């Protein structure tokens, strides 16, 4: 393998890939066995090449492989090459000079090198001013068990107990103590045991508040994967945090992907010290601010967090292998975000699909009084289905989503998905279109009827022979739509 972008006058194999893409890993393993000089270009790091690559190949997926200036295609195409054709290409690379029209490499950028060095650098935490107070409260003898009617609330304290403790132990005047309690509520260090009965962030002098029972957020009884410890950092910007988390867990995932890209060593991943750093950072999601996020920021934040949470869930519970396990996994695996618990199902159907019923769900994820409803997008965004899923034979050339151009990133992901035969197959002879089960499960998001669904698919396909065939079938009328079996063994995460 050659240095990052060193080129020799003789030939080379250029692989355009992204980190964490199993198909890219498989392709590179095959090429290494052939003993050819390979240059690996991370298209996520050099996104300026994405458009150029699309122009050259007509494809939106990675990997894309070139032997000198000859475009072979993706990993699937490489594996299917006839042995004599493969030998001819290897001989060409080893013996012929590099043609002028060989596809481009990125410009070397010194800042890029620094970014590579800092990849996965330690996260610097600015300690929040109330974090020490919360630590003292844990050991202050205030937290205990309290009964209200027939229910016993463990690890709780009343409003009046907290105010008294702040006055006696911290020497605060009563009004300062009440203001401090309000700050603890607003900053999500504590929550009312009756979430619905307490207005979010309001702590008054009335009898109701003084009698109300509260808990520290970390003592709230839920099974979120990032609970059980206080987020002591000053709240971090949501978009920045989601980007950091997604990058960290993808780097980990890549390190533990087998050489052939076919399996992931989750056990090795879970004992890697970098995973501990990831978990520490995930704790900071507890008090992140969500209500002020724009639509674009919400999309990028929740897509990144969903994709990171899936991998975190695999580490704890293993990957689901059938419909029932999938249902349990997506309704159980959760993070505590901005003081509320969000399962994978809550993120997908509640937030990103505008609070719509999911597969096998009898009701919407959020009721009218659920505080999480305020964060939900106003409508379903159909494009999210392709950002939460990696196709079985090629990945979208994006690994983390950014608010700046989220819509074009999502369109690219949809195009990449439809390019794969396990996303969409067109049979001109039979006038039939076979689509992924995702289109069946979420048909309502794509218009609800076969006709609207097919028009949506056509509109989101890249220019290709497949698109032309689909156009011809639709023009002829009477198109048959069927759905492909879903491959549970794939490394996809939907």
> Of the residues 280, 289, 296, which single one is farther than 24 Å from residue 218 by Cα and at pLDDT 90 or above?
Replying inline: 296
>> Here is a check on your reading of the model: is residue 241 buried (at least 19 other Cβ atoms within 10 Å of the Cβ) and closer than 27 Å to residue 192 by Cβ?
In response: yes
> Do you know which residues across the range 280-318 are at negative phi, in contact with a helix residue (DSSP H, G or I) (Cβ under 8 Å, 6 or more places away or on another chain) and outside any helix (DSSP H, G or I)?
Replying inline: 288, 289, 290, 291, 293, 294
> What's the number of the condition residue 388 fails, among (1) within 19 Å of residue 299 (Cα to Cα); (2) touching a helix residue (DSSP H, G or I) at 6+ places or on another chain (Cβ under 9 Å); (3) surrounded by fewer than 19 Cβ atoms within 10 Å (Cβ to Cβ)?
Replying inline: (3)
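Here is a yes/no grid of residues against (1) surrounded by fewer than 21 Cβ atoms within 10 Å (Cβ to Cβ); (2) free of Cβ contacts under 8 Å to residues at least 60 places away in the same chain; (3) more than 17 Å from the chain's Cα centre (by Cα):
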residue	(1), (2), (3)
292	yes, yes, yes
296	yes, no, no
318	yes, yes, yes
328	yes, yes, yes
333	no, no, no
349	no, yes, no
353	no, no, no
360	yes, yes, yes
369	yes, no, yes
>> I need a count of the residues in the range 467-483 that are modelled with pLDDT of 90 or more and touching a helix residue (DSSP H, G or I) at 6+ places or on another chain (Cβ under 8 Å).
In response: 6
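Residues in the range 248-257 that are surrounded by fewer than 20 Cβ atoms within 10 Å (Cβ to Cβ) and either touching a residue at least 40 places away in the same chain (Cβ under 8 Å) or not in a loop (DSSP other than H, G, I, E, B) (or both): how many? Working first, answer last.
Within the range 248-257, the subset surrounded by fewer than 20 Cβ atoms within 10 Å (Cβ to Cβ) is 251, 254-256.
Remaining after also requiring either touching a residue at least 40 places away in the same chain (Cβ under 8 Å) or not in a loop (DSSP other than H, G, I, E, B) (or both): 251, 254-255.
Total meeting the criteria: 3.
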> If residue 214 satisfies every condition in (1) at pLDDT 85 or above; (2) surrounded by fewer than 21 Cβ atoms within 10 Å (Cβ to Cβ); (3) in contact with a strand residue (DSSP E or B) (Cβ under 9 Å, 6 or more places away or on another chain) but one, which is the exception?
Replying inline: (2)
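Matching residues to (1) outside any loop (DSSP other than H, G, I, E, B); (2) modelled with pLDDT under 90; (3) closer than 27 Å to residue 18 by Cα; (4) assigned by TED's automatic domain parsing to the domain that holds residue 190:
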position: 346; (1), (2), (3), (4): yes, no, no, no
position: 363; (1), (2), (3), (4): no, no, no, no
position: 366; (1), (2), (3), (4): no, no, no, no
position: 372; (1), (2), (3), (4): yes, no, no, no
position: 389; (1), (2), (3), (4): no, yes, yes, no
position: 400; (1), (2), (3), (4): no, yes, yes, no
position: 414; (1), (2), (3), (4): yes, no, yes, no
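To keep it simple, each residue is scored yes or no on (1) part of a helix (DSSP H, G or I); (2) touching a helix residue (DSSP H, G or I) at 6+ places or on another chain (Cβ under 6 Å); (3) modelled with pLDDT under 95.
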{"residue": "408", "(1), (2), (3)": "yes, no, yes"}
{"residue": "417", "(1), (2), (3)": "yes, yes, yes"}
{"residue": "421", "(1), (2), (3)": "no, no, yes"}
{"residue": "430", "(1), (2), (3)": "no, no, yes"}
{"residue": "489", "(1), (2), (3)": "no, no, yes"}
{"residue": "494", "(1), (2), (3)": "no, no, yes"}
> Which of (1) touching a strand residue (DSSP E or B) at 6+ places or on another chain (Cβ under 9 Å); (2) surrounded by 14 or more Cβ atoms within 10 Å (Cβ to Cβ); (3) in contact (Cβ under 8 Å) with a residue 40 or more places away in the chain is the odd one out, the single condition residue 430 does not satisfy?
Replying inline: (2)
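Residues are listed down the side, and each one gets a yes or a no for (1) under 38 Å from the mean Cα position of the chain (by Cα); (2) closer than 15 Å to residue 340 by Cβ; (3) assigned to a helix (DSSP H, G or I):
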position: 185; (1), (2), (3): yes, yes, yes
position: 191; (1), (2), (3): yes, yes, no
position: 205; (1), (2), (3): no, no, no
position: 209; (1), (2), (3): no, no, yes
> Checking residue 272 against (1) touching a helix residue (DSSP H, G or I) at 6+ places or on another chain (Cβ under 8 Å); (2) more than 20 Å from residue 318 (Cβ to Cβ), which test does it fail?
Replying inline: (2)
> Of the residues that sit in the range 259-279 and are part of a loop (DSSP other than H, G, I, E, B) and touching a residue at least 60 places away in the same chain (Cβ under 8 Å), which one is surrounded by the most Cβ atoms within 10 Å (Cβ to Cβ)?
Replying inline: 261
> From 198, 229, which residue is at pLDDT below 80, part of a loop (DSSP other than H, G, I, E, B) and either touching a strand residue (DSSP E or B) at 6+ places or on another chain (Cβ under 7 Å) or within 15 Å of residue 135 (Cα to Cα) (or both)?
Replying inline: 198
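The values are calculated or read from the model by the stated rules, or taken from the named source; none is laboratory data. Fair warning: this is a prediction, and the values are worked out from it, not measured in the lab. Virtual Cβ from ideal backbone geometry, glycine too; neighbours counted across all protein chains shown.
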